[in-house]
Amino acid sequence: VQLQAFGGGLVQAGGSLRLSCVGSGGIFSTHYMAWYRHPPGKQRELVAAISARGVAAYKETVKGRFTISRDNAKNTVYLQMNSLKPEDTAVYYCTADPTGGGARFEYWGQGTEVTVSS
């Protein structure tokens, strides 16, 4: 399984970005997908996840601002980020759990950098 993430960039606080992650080499529709981020000087953290059936879960601090979705026909998972804050600045990674259970994220994309200026 290969994952390619893109869509990061520089945005002012209050702005929006949409990240995309395209998968190949596996049965994407059965994978549990997630977005993690690695803020500068901090540990990597889970931002949002979505099951094969489309059930989503979010880190508390992004609820109401971020939306994870998937298009299995396009082998793509998205992260719509609205009302961005400087503390959202990080490298964002998409990851896949091919077992579908959400506990074995074995495949990772290369990361896309998001910078939110104040």
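Okay, here's what the table says:
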quantity: The stretch 48-75 residues that are surrounded by 18 or more Cβ atoms within 10 Å (Cβ to Cβ), paired with ones that are among the acidic types (D, E) (beta carbon under 8 Å, 6 or more apart); calculated: V62/D88
quantity: Meets criteria (under 17 Å from G8 (Cβ atoms) and within 12 Å of the chain's Cα centre (by Cα)) for Y36; calculated: yes
quantity: Selection count, the stretch 100-118, where residues are among the hydroxyl-bearing types (S, T, Y) and open to solvent by 80 Å² or more (accessible area, probe 1.4 Å); calculated: 1
quantity: A90 being buried (at least 17 other Cβ atoms within 10 Å of the Cβ), touching a Pro at 6+ places or on another chain (Cβ under 8 Å) and hydrophobic (A, V, I, L, M, F, W, C); calculated: yes
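Here's the yes/no breakdown for (1) touching a strand residue (DSSP E or B) at 6+ places or on another chain (Cβ under 8 Å); (2) closer than 18 Å to V116 by Cα; (3) open to solvent by less than 60 Å² (accessible area, probe 1.4 Å); (4) at pLDDT 95 or above:
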{"residue": "V1", "(1), (2), (3), (4)": "yes, no, yes, no"}
{"residue": "G7", "(1), (2), (3), (4)": "yes, yes, yes, yes"}
{"residue": "G14", "(1), (2), (3), (4)": "no, yes, yes, yes"}
{"residue": "L17", "(1), (2), (3), (4)": "yes, yes, yes, yes"}
{"residue": "V22", "(1), (2), (3), (4)": "yes, no, yes, yes"}
{"residue": "I27", "(1), (2), (3), (4)": "no, no, no, no"}
{"residue": "R37", "(1), (2), (3), (4)": "yes, yes, yes, yes"}
{"residue": "P40", "(1), (2), (3), (4)": "yes, yes, no, yes"}
{"residue": "R44", "(1), (2), (3), (4)": "yes, yes, no, yes"}
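The values are calculated or read from the model by the stated rules, or taken from the named source; none is laboratory data. What you see is a predicted model; the values in this text were computed from it and never measured. No Cβ is skipped: glycine too gets one built from the backbone with ideal geometry, and neighbour counts run over all protein chains shown. Heavy atoms of the whole protein, side chains included, go into the accessibility calculation; ligands, DNA and RNA do not. Shrake-Rupley method; radii C 1.70, N 1.55, O 1.52, S 1.80 Å.
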